[in-house]
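The values are calculated or read from the model by the stated rules, or taken from the named source; none is laboratory data. Bear in mind that the values here come from a model prediction, so they are computed numbers and not experimental data. So basically every Cβ, Gly included, is an ideal-geometry build from the backbone, and we count neighbours across all protein chains shown. For the accessible areas, the whole protein counts, side chains as well, though only heavy atoms, and no ligand, DNA or RNA atoms are used. Shrake-Rupley method; radii C 1.70, N 1.55, O 1.52, S 1.80 Å.
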Amino acid sequence: MNTNTAYYGDENYSGSRWIKLAAGPLTLLYQNGIISSIQLGEFEIVQRIYMALRDEFWNTIHPQITPVLMENDSSSFRITFKALHREKDINFLWRGELRGEKDGTISYSMHGEALSTFKRNRIGFCVLHPLELCAGRACTIETVDGEVKEETFPVFISPFQPFKNIRQLGYKVSSYGSVSILFEGDTFEMEDQRNWTDASFKTYSTPLSEPLPVTIALGSIIQQSVTLKVETFKPLRNAAPKPIEIKIPATAQNRRTLPRIGISHASKEQLTPFAVEMIERLSLTHLRIDIEADSNSIISEMETCASHCLHLGLPSELAIYFTADYEAEIQLITKVLRATQIPVSTFLIYRKDQAVTSAETISHVSPALRSYSPLALIGSGTDSYFVEINRNHPNTELLDLLCYSATPQVHTFDNDAIMSNLPGIAETLRTAALFQGRALPAISTLSLRPRNRFRPHKFGGADPRQQGLFAASWLLGALMHCIATKAASVTFFESIGPAGLIPSQKEAVYPLYHILASIGEMRGSLARVCSCSDPNRIASVALWSENSMMLLVANLTDTIQQVTIFDLPESVTFVSLDENSLEQATLFPLLWRCKKGEQRNSNGPFHIFDILPYAVLRIEAPVIL
């Protein structure tokens, strides 16, 4: 098995190939027309700059980049290239030029021409501002009208655009300097991308207040530019990578209860005996099942789902999609429930014609649902992203769970972007606490790639990376943030198939299966939120029961990371899910899980581990009372 298959589930899929560049005091990375991680000393001042073309359904049309020229030295660079966006009726070609100067100026310009007539929702530059630096930080906005305003980046997630009509944006970088960014060629505004679980603020064009989509006529010319400048106030500290340290808190500190963890029913896949056996071992709490209340085949669908719940030994998280005729539909739903006797632990109430389910719908249908399963929880909110309930707060008086879905691939799609968006999960949970009332937060579903249910024109489906170590490390990172910010319930991937835990065509598992298996072995234990010096590179979850402890540590990067872990017992055992053990772990999962871990003894107050790319360590030790 080659490393691409091990990491990303596909031998033809390659990781990020960033080129490191410099512009005076600034360092940055470049790849395929994208500028990433612009740093001033140890501070990331801009997360990303890229040109985006979104079609009329908000699908991102990726460009084919043809490099033309690259010149760079130790403190400056110049890159020119051509980019072609080609998809169905969209045919758009542009020439890009990037310059980095010795004085710390970075400019990015584009000159494009429409080679066809098409509809778009966006064509233009996007600049991502890092959450860690910017949240709560003061900034200066110069509008397109010349007005200068003193503003502040939001701390909690802003439901609507915090800043509009932007021509220039400036903010300080600690006490070391300041950055200013000039936008030309269109009117720009900013949105809080945490609404879609991205860990950034985004400045973009064209304003969303204008009618969409826009028709771009054949021969139309579009030109834009972004110019970034820095001013330094004092000498910069070395930006060398910091050593990674994990500290496990004492028993009474930072304790959390594990959320309810479930998976989704794979409606297009056959549940095999092998899959049943493997899923039964996970100690999951539920199987999410989606039912359309106006479906002509609702009885057979519910019968099939009831059979799957019976075979897996799991109650359902039953998501029911009502229409405006919900008063009649709930009568049929009640009859079907009683006829099929499907076990239900949670009802999720949605409306196909509403982004956020109305209180009237919930109040009308919930009594009938509770009459069937009195102990079941009632959840609602939105089946879409957090932005919907952030802009339209649901009435939670009748709810046990406030629900929304999440994915790291709404706006950006490469490996680094997906991992860097993990903190966005925690941000949504923190903001939800402001208006959740008596309801507890639930994410259903949390998937690697967007679902396209009821959105046939949206790109979606299975991501090949779900079959590799990449998804396993991402899953542990997602669980870490869900546990730390007290999610009550999380529903992850499908049970079987390319978007699931287990392939449908052979008796094997995907690597991420073992993350849920390890968590399941400690079901009922308490979790502890560990302190990590670099959570962007390492994710960790500590679990404690009366007799044992387990620490799961994931490398979120494509390079080896050395990690020093404090507060472990002197003697531990560990097993690494990595490129070397992957074949046995996926083809012989039960045998691999019974494997005795390697013994590690330490005379000092810490243990040191070298963790391979996207690997996950399982460290165990008995608890001595």
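Summary table below
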| item | result |
| --- | --- |
| Hits in the stretch 275-323 - residues which are among the acidic types (D, E) and farther than 18 Å from R351 by Cβ | E277, E280, E301, E303 |
| Subset of the stretch 319-351 (residues that are touching a residue at least 40 places away in the same chain (Cβ under 8 Å), of a type outside the set (V, I, T) and either surrounded by 15 or more Cβ atoms within 10 Å (Cβ to Cβ) or farther than 15 Å from S297 by Cα (or both)) | A319, Y321, F322, S345, L348 |
| Single residue of the stretch 538-557 satisfying the filter (over 17 Å from H514 (Cβ atoms) and modelled with pLDDT of 95 or more) that is least open to solvent (accessible area, probe 1.4 Å) | I538 |
| Selection status of I123, over 30 Å from R430 (Cβ atoms), surrounded by 15 or more Cβ atoms within 10 Å (Cβ to Cβ) and not polar (S, T, N, Q) | yes |
| Residue that is most open to solvent (accessible area, probe 1.4 Å), among those in the stretch 563-579 that are under 25 Å from the mean Cα position of the chain (by Cα) and touching a residue at least 60 places away in the same chain (Cβ under 8 Å) | E579 |
| Within the stretch 581-625, tally of residues that are open to solvent by 90 Å² or more (accessible area, probe 1.4 Å) and among the aliphatic types (A, V, I, L, M) | 3 |
| Residue satisfying all of: in the stretch 257-292; among the small types (G, A, S) and assigned to a loop (DSSP other than H, G, I, E, B); surrounded by the most Cβ atoms within 10 Å (Cβ to Cβ) among these | A266 |
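Rundown of residues vs (1) in contact with a strand residue (DSSP E or B) (Cβ under 8 Å, 6 or more places away or on another chain); (2) buried (at least 18 other Cβ atoms within 10 Å of the Cβ), yes/no style:
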| site | (1), (2) |
| --- | --- |
| A52 | yes, yes |
| E56 | yes, no |
| T66 | yes, no |
| D73 | no, no |
| I79 | yes, yes |
| K102 | yes, no |
| V127 | yes, yes |
